[in-house]
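Comments concern the structure below.
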Amino acid sequence: MPTAVSLFTGCGGSDAGLVKAGFDVLMANDVLPYARDVYLANHPDTDYHLGDVSKIKSFPSAELLVGCYPCQGFSQGGARDADRNINFLYLEFLRALRQIGPKAFIVENVSGMRRSTYKHLLDDQIAKFSTAGKYGYSVKAELLNAQDFGVPQERKRILIVGIRNDLRAEYHFPTPTHGEGRKRLVTIEDTLTGMPDWPMGEFCEDPFHWYYLSRNRRRDWNETAKTIVSHMRHMPLHPISPSLRRIHTDKWEFESDGPARRFSYREAARLQGFGKRFKFPDSEASSLAMRYRVVGNAVPPPLFRAVAQALPDVWG
Ligand SMILES: C[S@@+](CC[C@H](N)C(=O)[O-])C[C@H]1O[C@@H](n2cnc3c(N)ncnc32)[C@H](O)[C@@H]1O
């Protein structure tokens, strides 16, 4: 089994995909206690370091390094400030890349990183990764949509993959398996049928304030879900809710008075592609907001699995 080190691991969406692709994740790291609790409930054998990545002095050697550094600065939902410190956590990933010198690496980040304000940061990442370590890496970046890989959710993300130059192998991003001319997209209905209609205590019941209703938050049962986000108040609506209609440029209202609700955190996890048996333990850190947060932060496991499985066989 090829080995992997995972940074910015969260609750382990990326790592669930890695495990399915046949990797043994030796070490993981994140600052969020509940992310660790969820991770260890599902992958008890990984050595999970809780704390700031910059405090880790040495990383174990491994054949693959993965890291999905945070993206608040780049995402449409977060504060868009290209100079915030959080946007430079990729330098910590670079430090690990230099130290470990793995055969390959995979990074996931939000699509906003391609926009002009952040393009210099993306270019800098690619330039620095290309020359990292003794041999440097052949680096490719591509925008992938999770729904094209069997995830019941529209979620566009940039994947950056590097293969160490001395291995003389080439990486090709996986070809979509779902969508027009391929397998049918997996819908909300395919995924949530059989789950309770009103899972009390598992969904955010905050009022739908003006910002929430500044755009359409609902998709139908026969569609893929809108992007699952990490802030529970912004979670899309469950299709059991009435439809929304647009009444002004940035103003929407419910078409009827019927009860409406957001997706629960468990439904959000299923729409991210986590399996039915994925566990969310109760712990000191397990508030409802935190459950939503670790789910919304995650990389859809089927997407990461597809990207990892497309790596050339350089492990032998
Ligand atoms: C996009 S999420 C990663 C999601 C994860 N790969 C998954 O699939 O579940 C980014 C993560 O980086 C973590 N993070 C932010 N700053 C950090 C730091 N200084 N050290 C370690 N982890 C950090 C956040 O807590 C968050 O869980």
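Looking at the range 2-15, can you tell me whether even one residue there is touching a residue at least 40 places away in the same chain (Cβ under 8 Å), of a type in the set (S, T, N, Q), within 18 Å of Val299 (Cβ to Cβ) and assigned to a strand (DSSP E or B)?
Yes, that holds for at least one residue.
Just a yes or no: is a residue in the range 22-35 farther than 19 Å from Phe93 by Cα, of a type in the set (Phe, Trp, Tyr), more than 10 Å from the ligand (Cβ to nearest atom) and out of contact with any helix residue (DSSP H, G or I) (no Cβ under 6 Å at 6 or more places or on another chain)?
Yes: one or more hits.
So which residues in the range 1-22 are under 20 Å from Ala310 (Cα atoms) and crowded, with 24+ Cβ neighbours inside 10 Å?
Answer for the range 1-22, where residues must be under 20 Å from Ala310 (Cα atoms) and crowded, with 24+ Cβ neighbours inside 10 Å: Ala4, Val5, Ser6, Gly12, Gly13, Ser14, Asp15, Ala16, Gly17, Leu18.
Select from the range 179-198 the residues that are within 16 Å of Pro302 (Cβ to Cβ) and acidic (Asp, Glu) and list them in ascending order.
Asp190 - this is the single residue of the range 179-198 that is within 16 Å of Pro302 (Cβ to Cβ) and acidic (Asp, Glu).
Against the definition (part of a helix (DSSP H, G or I), more than 24 Å from Leu288 (Cα to Cα) and at pLDDT 95 or above), how does Asp190 come out, yes or no?
Yes, satisfied.
What residue, of Ala225, Ala169, is more than 15 Å from Phe149 (Cβ to Cβ), surrounded by 15 or more Cβ atoms within 10 Å (Cβ to Cβ), modelled with pLDDT of 95 or more and aliphatic (A, V, I, L, M)?
Ala169
Being within 16 Å of the chain's Cα centre (by Cα) and either part of a strand (DSSP E or B) or at pLDDT 95 or above (or both) is the filter here; which residues of the range 66-100 pass it?
Result: Val66, Gly67.
Can you find a residue in the range 138-160 that is among the aromatic types (Phe, Trp, Tyr) and not in a helix (DSSP H, G or I)?
Within the range 138-160, not a single residue is among the aromatic types (Phe, Trp, Tyr) and not in a helix (DSSP H, G or I).
From the list Glu142, Glu108, Glu202, Glu154, which one is surrounded by 14 or more Cβ atoms within 10 Å (Cβ to Cβ), touching a Cys at 6+ places or on another chain (Cβ under 8 Å) and not aliphatic (A, V, I, L, M)?
Glu108
Anything in the range 287-309 that is of a type in the set (Val, Ile, Thr), more than 8 Å from the ligand (Cβ to nearest atom) and part of a loop (DSSP other than H, G, I, E, B)? List them, or say none.
None; the set is empty.
Write out, first by first residue and then by second, each pair whose Cβ atoms fall under 8 Å of each other, whose residues are 6+ apart or on separate chains, and whose first residue, in the range 178-206, is without any contact (Cβ under 8 Å) to a residue 40 or more places away in the chain while the second is β-branched (Val, Ile, Thr) and surrounded by 11 or more Cβ atoms within 10 Å (Cβ to Cβ).
His178/Val186; Lys183/Thr177; Leu185/Thr224; Val186/Val151; Val186/Thr224; Thr187/Thr224
Name the residues in the range 1-45 that are in contact with a His (Cβ under 9 Å, 6 or more places away or on another chain) and over 19 Å from Phe280 (Cα atoms), would you?
The answer is Val25, Met27.
Where residues in the range 55-70 are crowded, with 22+ Cβ neighbours inside 10 Å and small (Gly, Ala, Ser), which of them is farthest from the ligand (Cβ to nearest atom)?
Ranking the candidates gives Ala62 first.
The values are calculated or read from the model by the stated rules, or taken from the named source; none is laboratory data. Worth saying up front: this structure is predicted, and the values here are computed from it rather than measured. A quick note on method: Cβ atoms are made from the backbone with ideal geometry, for glycine too, and the neighbour counts reach across all protein chains shown.
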